[in-house]
1. Could you pull the Rg and Dmax for segment 14-71, using just the Cα atoms, both in Å?
2. Using only C-alpha positions, report the orientation-averaged shadow area of the convex hull of segment 105-165, nm², one decimal.
3. Once the Cα atoms of segment 155-204 are picked out, what are the Rg and Dmax in Å?
4. Leaving ligands and nucleic acids out of the surface, order 238, 146, 69 by accessible area at 1.4 Å, largest first.
5. Over 23 Å apart: what share of the alpha carbon pairs of segment 147-254 falls there, rounded to a whole percent?
6. Of 77, 35, which has the most accessible area and how do the rest follow, probe 1.4 Å?
7. I want to verify a result. In a Gaussian network model of the chain, Cα cutoff 10 Å, which of these has the top mean-square fluctuation: 145, 105, 16?
8. Can you tell which of 51, 96, 75 lies farthest toward the positive end of the dipole of segment 1-112, using +1 and -1 charges on the Cβ of basic and acidic side chains (Lys, Arg; Asp, Glu)?
Amino acid sequence: MFRKKESNNHQELDMNRIPKHIAIIMDGNGRWAQKRHLPRIAGHKRGMETVKTITKAASQLGVKVLSLYAFSTENWKRPEEEVSYLMSLPGKFFNSFVPELIANNVQVNVMGEIDRLPKATQEVVNQAIQDTADCDGMVLNFALNYGSRREMVLATRKIAKAVQSGKVEIDEIDADLFSKSLMTGKFGANADPELLIRTSGEQRISNFLLWQIAYSELSFTDELWPDFSADSLKQAIYQFQNRDRRFGGIKTNK
Ligand code: FPP
C-alpha cells in the first residue's frame, strides 16, 4: 500500500533556503495569562522567555535578521500598569540574556522612536546595542515604540529634507531610495522580511513593516506567543519553503 510519508518537518527543512529575514508579530500573551487566571503581565513575562527560545533557534538556523514587534505606537493605550511592565521588559531581557546573545554572535538592533521611551529603558537598550556591536551573526531587531505609518512619514521627511538641501533630485526618489530611508534600510539586501509570522489566530498586520512586506509570505498560527516553540518556527519555515514565490512573475520549471 502506498502511504504518504510522515513528515518530520524540520528534518525536511532545506538549509539552503532558510528565510534571511523573519518578522514576527508576537500576539496572545494576554490570552495565555487569562486562560490560566493570571494577570496579563504574567503572559508578557512568559512571552519574554519565548523571545529567548526563538532568538536562539533562528540564529542556529542561519536567519540573518529577526524582527520582533515588541511594542507598537498604539500600545501606549493600554493600562498604565501594563505599559510600565512592558517598558521594564527590555531591562529584564537584556540583563539576563546579553551573555547568551554574545555567545551566539547575535547583534541587537532597535527600531522605533526610542527617544520617547522612559530614560531607563533607553539606557538598557543602548547598552545592549553597544555590548553586542561586535557580533556579526544574526541581527535581533526589536521594534519598540514602532509604527509603520510613522516610519514612512519619517522617511518621507528625510527625503524631503535631502531634496530641499539639494542632495537629492526629485526624479531620484524611487523605491530603492525609499527603502533605504526606512528604519530597516541599514539591513541592505535583507531589509525586507521573506516571512512574516503572526501568532494567536489574528490575521492582521497591525501597522508592522507595511512597505517591507510587499512580497513576504504570511504565516498565521493559532498558537499563543508564550506557546510558540522552536518547532513552531521550523513549521512556519517549512510552510514557507513549500510555497510558490513568483514575485508577480510566472512559474518557471527550474
Ligand atoms: C501582544 O500580546 C504582545 C505584546 C503587546 C507585547 C510583546 C512583548 C513580548 C512578547 C515580551 C518580550 C519583549 C522584550 C522587549 C524582550 P497581547 O498582550 O496583545 O495579547 P492578547 O491579544 O492576548 O491580549
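1. In Å, with Rg to one decimal and Dmax whole: 13.7, 43.
2. 5.3 nm²
3. 15.0, 48
4. Values: 238 50, 146 0, 69 25 Å².
Of 238, 146, 69, the descending order of accessible area is 238, 69, 146.
5. Value for segment 147-254: 44 percent of Cα pairs lie more than 23 Å apart.
6. On the way: 77 170, 35 135 Å².
Descending accessible area places them as 77, 35.
7. Result: 16 has the largest fluctuation of those listed.
8. Highest projection toward the positive end goes to 51.
The values are calculated or read from the model by the stated rules, or taken from the named source; none is laboratory data. In this text, all values refer to a predicted model and were calculated from it rather than measured experimentally. As a convention, Cβ positions derive from the backbone with ideal geometry for all residues, glycine included, and neighbour counts pool all protein chains shown. These accessible areas exclude ligands, DNA and RNA; they are computed on the full protein's heavy atoms, side chains included. Shrake-Rupley method; radii C 1.70, N 1.55, O 1.52, S 1.80 Å.
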